[in-house]
Amino acid sequence: MDKKLTKNKINWGRTVDFLAAQLRSAQMGVYNHFVDWFSATGLSPKKFGVLYVISLNPGVNQRQLANVLSTERAAFGETLARLEEMGLIERQQCQIDKRAKVATITPKGSEVLESVLEEISEQEASFTACLSDPERQMLIALLLKVNARIR
């Protein structure tokens, strides 16, 4: 007799105690949700992240930004080109190094970003509704600590 397996009924064994398995499961669940949600905005999680970092660092050198974000420059250039086509950022020649380009967010980009940030806050609140505020803060603190250790 075959058992019908579902995620809730399968025996996961010791993997429930593996930090990596739990982090990956949570990350994939949240990421997949945001990919679906972002598709309606015309953005992707990656484009949002780049737009957000540019908003916090106006006039940032795009080559340096690609290095900091650990992104291949060619793919990063495509992301910036798409954000520019959408009217969310502007790229200009760097005044100091004429070979480089710098990126800044546009007023339209700021509006889109503000709207997306509000929605992200609401989405994150729904993901962590099972946690108290101190638990959520502790989870973030612990994840920051683990991230600092492994980088």
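What follows is calculated from the coordinates using simple rules that are stated; it is not laboratory data. Being a predicted model, the structure only gives us computed values, none of them experimental. Cβ placement follows ideal geometry from the backbone for every residue including glycine, while neighbour counts extend to all protein chains displayed.
Per-structure values
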read-out: Choice from Gly109, Gly42, Gly13 with maximal GNM fluctuation in the chain (Cα, 10 Å cutoff); value: Gly13
read-out: Of Val102, Val112, Val16, the one that fluctuates the most in a GNM where the chain has Cα springs shorter than 10 Å; value: Val16
read-out: GluC sites (Glu not before Pro) lying in DSSP loop within the range 60-151, provided at most 12 other Cβ fall within 10 Å; value: Glu72
read-out: Amide H contacts of Thr106 (H built 1.01 Å from N, under 5 Å, at least 5 apart or other chain); value: Ile89, Glu90
read-out: Value of relative contact order over the chain, rounded to a whole percent, pairs C-alpha under 8 Å and six or more apart; value: 17
read-out: Taking all pairs of distinct alpha-carbon atoms in the chain, Kirkwood radius in angstrom; value: 18.3
read-out: Sites Ile96 and Ala75 - FRET efficiency at Förster radius 22 Å, r taken between beta-carbons, to 0.05; value: 0.30
read-out: Lys145/Ala26 FRET efficiency (R0 22 Å; Cβ-Cβ; nearest 0.05); value: 0.85
